[in-house]
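Any read-out appearing in this document is the output of simple, stated calculations on the displayed coordinates, not a laboratory observation. Computed from a predicted model, the values in this text were never measured in an experiment. Note: ideal-geometry Cβ built from the backbone for every residue, glycine included; neighbour counts use all protein chains shown.
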Amino acid sequence: MKTYDLAIIGSGPSGLMAALTAARKGISVVLFEKNEIIGRKILATGNGRCNLTNKNISVMRYHGACRKFIRSILNKFDQFQTIKFFESLGVILKEEDRGRVFPRSNQASTIVNALKHAIKESGVNTVTGLKIKSVEKSTEFIIKNENNQTFKAKKVILATGGKAAFQFGSSGDGFFWASKFGHNIVPVFAALVPVETREIWVKEVSGIKMETKITTKAGNKTIHESYGDCLFTDYGLSGTAIMTQAGKIGPLLDNNSVKIFVDLYPEITKQDLIKKITYIFKNSGSKTLVNSLAGFFPLKLAPVILHLSDICHDKKASETSETERLKIVRCIKAMKLTVKKLRPLKEAQISTGGIDTEEVDRNTLESKIIKGLYFAGEIMDVDGDSGGFNLQWAWSSGFVSGQGISLF
Ligand SMILES: Cc1cc2nc3c(=O)[nH]c(=O)nc-3n(C[C@H](O)[C@H](O)[C@H](O)COP(=O)(O)OP(=O)(O)OC[C@H]3O[C@@H](n4cnc5c(N)ncnc54)[C@H](O)[C@@H]3O)c2cc1C
């Protein structure tokens, strides 16, 4: 039986980058993927457009492992190297707002096809459509798939992802093997995921999207603040500004009541909003409150705001008292909702937690416990914000692990 230099389990972005990097060094690589096709999750990224990196990558936008660890990996293959790498594969890229980079084709399949072609050219042996069911080590690594076929390799990279969006293959198998090898697994939670709220009135405004500032609090303690869109849904809240906070909310939910405060007008101070509303209401003639608020947001939101402020919605705006106007402004600037739970891992873009990076060498991504075992991608306890940060982590860590393989 042939012994490969390197076996990689998982053909997500990190596994593909690792395979290509190692194979280009002349290392013999076998790449295992349980889906029929490689890079399945990449096709779903960026709403099918693949936000593959961000020009403004910063270690501050990552969470989990210590900053030194994350910085060490990102610096070895940064966003500009990622851009050059895809351009070298013939992919035309473009930059959108907030530094986000996409293929010019607006199709994630452009990225997958480019990688597929490069992998083939580099001589990687790709085995798809079969799940790996065990990874063990004696003098070499012994890898078995669900058909009981056995493969041997001198080194192994686990690139099986986290547990988010498991419909695309990432079901946490790598955590099981790593913990059998003695690794500590930091508890895994859904992140970049919408939240369910206790308030059921959200249904009435489902579909409304606003540019907001979101503040989450556990008791009196502010957990996180973020800016961006907030989408009201049938079950609660979604949108970038909310999803960005989910990773911080999840671990707190067992022991805390977590509240979300939505500022529907973050660009105006409370005082200026009071002045504006007072002016508009005073000049509103015989208009009701609901109609007077119609210029502020999509119409369906006005009755909800009045209900939450405990003010009758068919009252004339010109007849409101100072206290009533203040109540309305308070609700607009800090609409309070209580988190019931996060939406399930299936709906999450990433998971937090994973392999404890204290046990991983930050120069090569080799395990400090098992010689010859490496990690790449989301399987490690590193997660990034929305905007291309997670794919950049996958490219960087894939590169570092592939580069880190030495056969001596
Ligand atoms: C809907 C969605 C949209 C997203 N959009 C973006 C975006 O635009 N920008 C961004 O930066 N990030 C985005 N992400 C996050 C990004 O996709 C992930 O961070 C990234 O894919 C993680 O890469 P990975 O290689 O670590 O793991 P994965 O991509 O999860 O790949 C792991 C692979 O391992 C395979 N595997 C697992 N177990 C086995 C086994 N036992 N045998 C064989 N194969 C196995 C899986 O089938 C899978 O193909 C998005 C995620 C989702 C779900």
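Packing-based ranking of 386-399, 71-84 yields 386-399, 71-84, ordered from highest to lowest mean Cβ neighbour count within 10 Å.
Estimated from helices alone, the mean residue ellipticity of the chain at 222 nm is -9000 deg cm²/dmol (sum of -39500 (n - 2.57) over DSSP H runs with n ≥ 4, per residue).
Using the Cβ-Cβ distance between T338 and D234 with R0 set to 22 Å, the FRET efficiency works out to roughly 0.85. Rounded to the nearest 20, the Cβ-based charge dipole of the chain about its Cα centre (Lys and Arg +1, Asp and Glu -1) stands at 160 debye. Taken over segment 194-343, the alpha-carbon convex hull comes to 99 cubic angstrom per residue. By a straight-distance test (C-alpha under 19 Å), which aspartates and glutamates pair with K336 as possible cross-link partners, with residues fewer than eight away in the same chain excluded? Reachable aspartates and glutamates: E196, E199, E204, E211, E225, D229, D234, D263, E267, D310, E324.
Report the per residue volume, in Å³, of the convex hull enclosing the C-alpha atoms of the chain.
142
From least to most packed, judged by other beta carbons within 10 angstrom and beginning with the fewest, D229, D310 follow the order D310, D229.
Using only side-chain charges placed at the Cβ, +1 for Lys and Arg and -1 for Asp and Glu, the dipole size of segment 194-343 relative to its Cα centre rounds to 200 debye. Exceedance of the 24 Å cut-off in Cα-Cα distance is limited, within the set K248/K327; K76/K213; K34/K154; K55/K341; K2/K120; K68/K371, to K248/K327; K76/K213; K55/K341.
Counted by neighbouring Cβ atoms within 10 Å, the residues L20, L308, L299 run from fewest to most as L299, L308, L20. Placing unit charges on each Cβ (+1 for Lys and Arg, -1 for Asp and Glu) gives segment 95-188 a dipole about its Cα centre, and among G182, G161, H117 the Cα reaching farthest toward its positive end belongs to G182.
The ranking of E359, E319 from fewest to most other beta carbons within 10 Å of each one's beta carbon is E319, E359.
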